[in-house]
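Enquirer: Below: one structure in structure tokens.
Just so it is clear, none of the values below were taken in a lab; they were calculated from the coordinates. Quick caveat, the model's predicted, so the values are computed rather than measured. So basically every Cβ, Gly included, is an ideal-geometry build from the backbone, and we count neighbours across all protein chains shown.
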Amino acid sequence: MLKNYFKTAWRNLLNNKLFSFINIMGLALGMTCSLLIMLWVKDELAMDKFHANDSRLYRVMENQFFSGAISTFPSTPGIFAENVVKDIPEIQMASQFLWEEEPLFTVNDTFDKEKGRYVQKDFLKMFSFKLTKGDVATALARPDAVVLSKKLADKYFKGQDPMGKMIRIDNRENVIVTGVLDEIPKSSSLKFDFLMSFDLWAKQNTWAKDWGNNGPRCYVMLAPNTSLEKVNAKLKGYIKSKNKGSNVEVFLQNYGESYLYSNWEDGKPNGGRIEYVRIFSVVAIVILLIACINFMNLATARSLKRSREIGVRKVVGASKRQLIGQFIGESLLVSFMAMGAALLIVLFILPSFNALTDKQLALNFGDASFWSTIILLTLLTGIISGSYPALFMSSLKPIVVLKGALKINPSAAFFRKALVVFQFSLSIILILGMIVVYRQIDFIHNKNLGFAREDLLFIPLEGELAKNFPTFKQELLKQPGIKNVTSASSSPLEVGSSTQGVTWPGKDTTKLILFSSNPISYDYINTMGIQLVNGRDFSNGYGTDTLNYLVNEAAARKIGYKDPVGKELTMWGDKGTIIGVMKDFHHNSLHVPIEPLILRLVKKDWGYGSFVIIRSEAGKTKQALASMEKMVKQFNPGFPFRYNFTDQEISKTYKTEFTVNKLSRYFAFLAIFISCLGLFGLVTFTAEQRTKEIGVRKVLGASVPGILAMLSKDFLRLVLIAIVIASPLAWWAMHKWLQDFAYRIDIGWSVFVIADFAAIAIAMLTVSFQAVKAARANPVKSLRTE
Amino acid sequence: MIKISNLEKIYRTEDVETVALNKVSFDVKEGEFVAIMGPSGCGKSTLLNILGLLDDPDGGSFVFAGQEVAHYNERKRAGLRKQHIGFVFQSFNLIDELTVYENVELPLLYLKVGADERKKRVEEVLEKMQIMHRKNHFPQQLSGGQQQRVAVARAVVNRPRLILADEPTGNLDSINGNEVMQMLTELNDAGTTVIMVTHSEHDARYSHRIVRMLDGQVVLENVMI
Ligand SMILES: Nc1ncnc2c1ncn2[C@@H]1O[C@H](COP(=O)(O)OP(=O)(O)OP(=O)(O)O)[C@@H](O)[C@H]1O
Ligand SMILES: [Mg+2]
């Protein structure tokens, strides 16, 4: 019997190649999309979960209370870890963990900057990063230990055993290799080429040893069977117990969860990457559903053609259940064929998808769980798409269908139309979403940041450069292609540090106000291209400018001076004067609003900051780079020349959004394409059904455009209904997405006009392609076929 | 074998009610060959469909092989149908996607007859209908007469006790039509009960008895000698 079903199904597929192609292709594309998203989601969900102690590993989070708001950061005082293990017995181990640093490694003649982390002695015992050489228990015990990746071991000690060898760091310290790391699993969000002792770093950064300063991250491991609530309760007032005036509270977040749940608002978790996981899961389901609907639509439409078979099968004794089984079986057959095609397509485009999403996803053919997922997905798709046609067809009355006078059942026709509306609504939502995402990204990309991001470069201020900056600046300015040079503590991308240590006469001392602060050297305003609304820039001509301040408009508002220029301001105990007000510019990402900012000149004993910022002459980037390289090599021979373009770096900070932008474009395109495939099939079918009617009408004098209109009208109406349904839903969804940006576009009506027009145009194009063919057919021919 | 009494069938559409069968009663004995005749629209096909358990009546009683079946549900009717009844239609109603062999085999598949037995029976009946040489052809590749022979083969392959034929010769020329009538007669001679709807007095003469209908009622029964 199965053989009989299979033969019938197979011959039906072969006899209707166009419909079979549309069905299989539509499903395959939908499945491709679902598979890719499933791989991505699975990968995201598995991030950072591979550590053996997963359930006991936590990240220390800090709530900071300023101006009535709570800001949450993963930063702690640098002495938090060593104290908390002693003070709270439930915390079995703890390790500070520094942001990525890039010190200079030198071994004989080989030198380069390497990216890695400063951690503490228990780090490798807490986390499951394996060593190929050395012992996790002791590798980080000595303060001058370094653990290298295989890559670095090969780079500096080619062909030798690196263990026990010495490396010079930043031309300042010597460290000893105590271990070599195994490959870091793909599913680790922490990536590093070396691990060194946090103490080594802290020696140079004594500020980190103060309970009042926060910066380094801290990870802890709880003892087995410890209640998180209990530990969190103990931690709440912990920092205050060490530092009376503190206004921060710490708590723990599970390390495995911190990758997906990284956003905080008002001290509570507020999404993060998990939102993209959710959005894309929904997109995967939606696109698969759209593809299933194609199948349902075409199958029910085609049931007219198969009604005789159904009638005959019933007459010779098929039960309804057997028929349902047969038709579900057929859709499973199609579904399996589509899955085959989908797997091929996925194999083909996975490399590009990986490049786009910055992942290393792979189809794991050797894995039983992979196959069971695939089979489950195929069965599900087959059953969903086959269920309605099967129910519909199996309940056709044999006497009716055998009489050959099966009329289009009005309820089935309604259902089919509803499906088309549903399908197009989903597509329109995706198109609308795509346009909004595109516009928002474009907005970010081109937003006037308040400073000139083009032709702006920055390089680290390090080594000899840090000591001889004024001479370096003088020399560099003489070189071709260089327009301005300055230095600052923060890069143009982000002013990372902030302070409460700002006072002025009349300040309400009960309120804690946080100011971003960026000590700079001369010519900062010129180099950055910041506008002054009032007052003047720092200048060599005024001897005492080291005690003066530039504030941005936001800071001026917070301070409350009506006319701030010339008024008194004290920062870190230095009483001085506000000499100018800067027009607000984006000193951080567009995800956050512009915060109050104070600029001051670096003092003699602070050095000149961490970055040299250089403006090149417009269009002379090449010369400027050559000049910079020449001068850096001359002043800093032991360091490699590294530079950053500000505009490129800014773009990089929106990487996720760019990826989403691209993906949303592909998915929206796919959705509308699959929907149109279905529409195309339906129109073809309708035209086929109405060949005779069209013929008769033409014989009676109907024109081609008239017939075209007749065939298109119904479909156009469906698309219009879809627009009405989709528009508010899309508006709501995109409005929510935009809330993630402090600076965002308005979803204007033009978005809807574009999306709706596109949907109508695409649908009409699809419909007319077949309709024109039907309308222009020779009526004599079409009537003769009856 | 069949006993119907006061059988009623009413078709209701939005505004019209059509009484297709109005208190029809008659019996058919095992092994009989009955022809039903009457003008177009008088309810012949409706009656045949009810007799064939394809449709259910709105009133009256229908006893088939000793069981009251008027109110059987779809599943029970399908069960009886595949066991005991074979159909032949005016418009052959073969499945286009199946070959001659596969079309004839279909009822046996639904009866869950074993593979060997199935092959034996299908070939036997194809032989008898002289269509064996065409067993791997698809219906479109056959003439009308050949198609109807396949349809008859399919109707008898499950060895039914009752064959229902609705204008089996309606789409055939007289030579092919006579051939089909010959087959039905042979089957009847072998013991199968045959009920046939026809417009042709010539075909009706093959039967033992003619039931004449008018406006949903039986008006006359003539017994042939
Ligand atoms: N599905 C239906 N809905 C409504 N009315 C119907 C339906 N089927 C049949 N009828 C009506 O019932 C009556 C009997 O129809 P039936 O098909 O039994 O006639 P018939 O005697 O077989 O005619 P013919 O010789 O033309 O085949 C007719 O008046 C017909 O219009
Ligand atoms: Mg009839």
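Enquirer: Treat the count of other C-beta atoms within 10 Å as a stand-in for reagent exposure and order A:ASP563, A:ASP605 from fewest to most.
Expert: Arranged by neighbour count, lowest to highest, A:ASP563, A:ASP605 become A:ASP605, A:ASP563.
Enquirer: Partner chain Cβ atoms within 10 Å, averaged over the residues of A:303-315 - can you pull that number for me?
Expert: Taking all residues of A:303-315 together, the mean is 5.
Enquirer: So what's the gap between the Cα centers of segment A:644-670 and segment A:540-588, to the nearest angstrom?
Expert: So the two Cα centres are separated by 36 Å.
Enquirer: Also, I was wondering about something else. Roughly speaking, what is the centre-to-centre gap between segment A:433-512 and segment B:62-123 when only Cα atoms are used, to the nearest Å?
Expert: 85 Å
Enquirer: On to the next question. I'd like the Kirkwood hydrodynamic radius of chain B, using the inverse of the mean 1/r over distinct C-alpha pairs, in Å. Don't jump to the answer; show the numbers that get you there.
Expert: Values: mean 1/r = 0.0557 Å⁻¹.
It is 18.0 Å.
Enquirer: Along its principal axes, what span do the Cα atoms of segment A:620-748 show, with the longest given first and each in whole Å?
Expert: The Cα atoms of segment A:620-748 stretch 92, 32, 22 Å along their principal axes.
Enquirer: To continue, here is another question. For chain B, what's the relative contact order in percent, using C-alpha pairs closer than 8 Å and at least 6 residues apart?
Expert: On the way: 422 pairs, mean separation 65.9, N = 225.
Value for chain B: 29 percent.
Enquirer: Let me ask another. Where the convex hull is taken over the Cα atoms of segment A:463-638, what is its projected area averaged over directions, in nm²?
Expert: Mean projected area of the Cα convex hull: 11.0 nm².
Enquirer: How would you order B:8-20, B:33-45 from highest to lowest mean count of nearby Cβ atoms within 10 Å? Could you put the intermediate results ahead of the total?
Expert: Details: B:8-20: 11.9, B:33-45: 20.0.
Highest-to-lowest ranking by the protection proxy: B:33-45, B:8-20.
Enquirer: Compute the Rg/Rh shape ratio of the protein assembly as shown: radius of gyration over Kirkwood radius, all on alpha-carbon atoms.
Expert: In the protein assembly as shown, Rg relative to Rh is 1.17.
Enquirer: Say each of A:ARG557 and A:LYS150 gets a label point 7 Å from the Cα, pointing the same way as Cα to Cβ; how far apart are those two points in nm?
Expert: Output for this residue pair reads 5.5 nm.
Enquirer: Continuing with this model, one more query. Any chance you could list P(r) for segment A:629-682, counting all Cα-Cα pairs in 5 angstrom bins from zero, rounded to whole %?
Expert: All Cα pairs, binned at 5 Å, distribute as 4, 15, 11, 10, 9, 10, 8, 8, 7, 5, 4, 4, 3, 2, 0 percent.
Enquirer: Check every DSSP H run in chain A and write down those whose alpha carbon atoms cover 18 angstrom or more along the long axis and whose mean Kyte-Doolittle hydropathy is -1.0 or greater.
Expert: TM-like helix candidates: A:2-15, A:17-46, A:273-315, A:320-357, A:368-394, A:410-446, A:621-635, A:655-689, A:704-738, A:749-776.
Enquirer: By per-residue mean of other Cβ atoms within 10 Å, what is the highest-first order of A:363-376, A:704-717?
Expert: Result, highest mean first: A:704-717, A:363-376.
Enquirer: Also, quick follow-up: Among the DSSP beta bridges whose two residues both lie in chain B, what percent are antiparallel, rounded to the nearest 5?
Expert: So the antiparallel bridges in chain B amount to around 55 percent.
Enquirer: Could you work out the equivalent-ellipsoid semi-axes for segment A:475-544, taking the square root of 5 times each eigenvalue of the Cα gyration tensor, largest first, in whole Å?
Expert: Listed largest to smallest, the semi-axes of segment A:475-544 are 30, 15, 11 Å.
Enquirer: When ranked by the protection proxy of mean other Cβ atoms within 10 Å per residue, highest first, what sequence do the peptides A:665-676, A:39-50 form?
Expert: Numbers: A:665-676: 22.1, A:39-50: 17.0.
So the peptides A:665-676, A:39-50, ranked by packing, come out A:665-676, A:39-50.
Enquirer: With 25 Å as the limit, write out which pairs from A:LYS155/A:LYS191; A:LYS186/A:LYS655; A:LYS7/B:LYS135; A:LYS7/B:LYS44 have Cα-Cα distances beyond it, or answer none.
Expert: Check vs 25 Å cut-off fails for A:LYS7/B:LYS44.
Enquirer: Would you mind ranking A:LYS314, A:LYS698 so that the residue whose beta carbon has the fewest other beta carbons within 10 Å leads the list?
Expert: A:LYS698, A:LYS314
Enquirer: Please report the relative contact order for chain A, taking Cα pairs under 8 Å with a sequence separation of at least 6, and give it as a percent rounded to a whole number.
Expert: On the way: 1326 pairs, mean separation 115.7, N = 786.
Here the relative contact order equals 15 percent.
Enquirer: Using alpha carbons only, how many angstrom separate the centre of segment B:159-225 from the centre of segment A:164-227?
Expert: For segment B:159-225 versus segment A:164-227, the Cα centre distance is 98 Å.
Enquirer: Now for a separate question. Please give the charge dipole size of chain A, origin at the Cα centre, charges +1 on K and R Cβ atoms and -1 on D and E Cβ atoms. Round to the nearest 20 debye.
Expert: With Lys and Arg at +1 and Asp and Glu at -1, about 3840 debye.
Enquirer: Compute the Rg to Rh ratio over segment B:141-225 from the alpha carbon atoms, using the Kirkwood formula for Rh, and round to two decimal places.
Expert: 0.98
Enquirer: Give me A:LEU356, A:LEU18 ranked fewest to most by other Cβ atoms within 10 Å of their Cβ, as a rough exposure proxy.
Expert: A:LEU18, A:LEU356
Enquirer: Would you mind giving the mean number of other chain beta-carbons within 10 Å of the Cβ of each residue in B:102-113, as a whole number?
Expert: That works out to 4 on average.
Enquirer: Please give me, ordered by residue number, the GluC sites (Glu not before Pro) of segment A:48-138 that lie in loop per DSSP and have at most 13 other Cβ atoms within 10 Å.
Expert: A:GLU100
Enquirer: Sticking with this structure for a sec: Can you pull the mean other chain C-beta count within 10 Å for peptide B:152-158?
Expert: 1
Enquirer: Then there is this: Report the calculated FRET efficiency for B:ASP189 and B:LYS112 (r = Cβ-Cβ distance, R0 = 22 Å), to the nearest 0.05. Don't jump to the answer; show the numbers that get you there.
Expert: Numbers: r = 29 Å, r/R0 = 1.34.
Calculated value: 0.15.
Enquirer: I would also like to ask the following. How big is the convex hull of the Cα atoms of segment A:140-269, per residue, in Å³?
Expert: Given the Cα convex hull of segment A:140-269, per-residue volume reads 160 Å³.
Enquirer: Reachable aspartates and glutamates from A:LYS622, Cα under 13 Å, same-chain residues fewer than 8 places away excluded?
Expert: Straight-line reach from A:LYS622, under 13 Å: A:ASP455.
Enquirer: Could you compute the net charge surrounding A:ILE79? Neighbours are other residues with a C-beta less than 12 Å from the C-beta of A:ILE79; K and R count +1, D and E count -1.
Expert: -1
Enquirer: Let me ask you something else. Under 14 Å from the Cβ of A:ALA355, count the other residues' Cβ atoms, weight Lys and Arg +1, Asp and Glu -1, and hand me the total.
Expert: Residues close to A:ALA355 contribute a combined charge of +2.
Enquirer: Just the number, please: percent antiparallel of the DSSP beta bridges in the protein assembly as shown, rounded to the nearest 5.
Expert: Looking only at bridges with both residues in the protein assembly as shown, the antiparallel portion is about 75 percent.
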